[in-house]
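One structure is given here, and the rest of the page talks about it.
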Amino acid sequence: MDMRKLVGRNFARFRKAKGFTQESFAEASGFTQQYISGLETGRRNPTVVTLFELASTLGISHVDLLVPDDEARSERAKSGKRK
């Protein structure tokens, strides 16, 4: 499971559910729109501090960004690995 992609998918899902565009989230959080885009596409590897700051702006727990989604569970099932 690619954790960068998982965090990106989870972040994008929560961001949209909270009604943020990438631009409005960037304004609210202090991160750039380019950083947010890179995060959502799995090109960024956020630190623990960054995860906490992103989650705080969304009003969620930083742990929510790490919870396996359906795609991650499917990847794990296909590989036959249990982690």
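The values are calculated or read from the model by the stated rules, or taken from the named source; none is laboratory data. Keep in mind that what you see is a predicted model, and the values were worked out from it rather than measured. Here the Cβ positions follow ideal geometry from the backbone for every residue, glycine too, while neighbour counts run over all protein chains shown. For accessibility, only protein heavy atoms count, side chains too; no ligands or nucleic acids. Shrake-Rupley method; radii C 1.70, N 1.55, O 1.52, S 1.80 Å.
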With the dipole of the chain defined by +1 on each Lys or Arg Cβ and -1 on each Asp or Glu Cβ, the option from 57, 33, 68 whose Cα lies farthest towards the positive pole is 68
Compactness of region 23-67, expressed as Rg and Dmax over alpha-carbon positions, Å: 9.9, 26
For the chain: rounded, prolate or oblate by the Cα gyration tensor [a/c cutoff 1.5]: prolate
Skip the ligands, DNA and RNA, and give the accessible area per residue of the chain with a 1.4 Å probe, whole Å². 63 Å²
So, with a 1.4 angstrom probe, what is the percent of accessible area on the chain that is carbon and sulfur? 52 percent
Below 24 Å, Cα to Cα, which lysines can residue 78 reach? Residues fewer than 8 away in the same chain don't count. 5
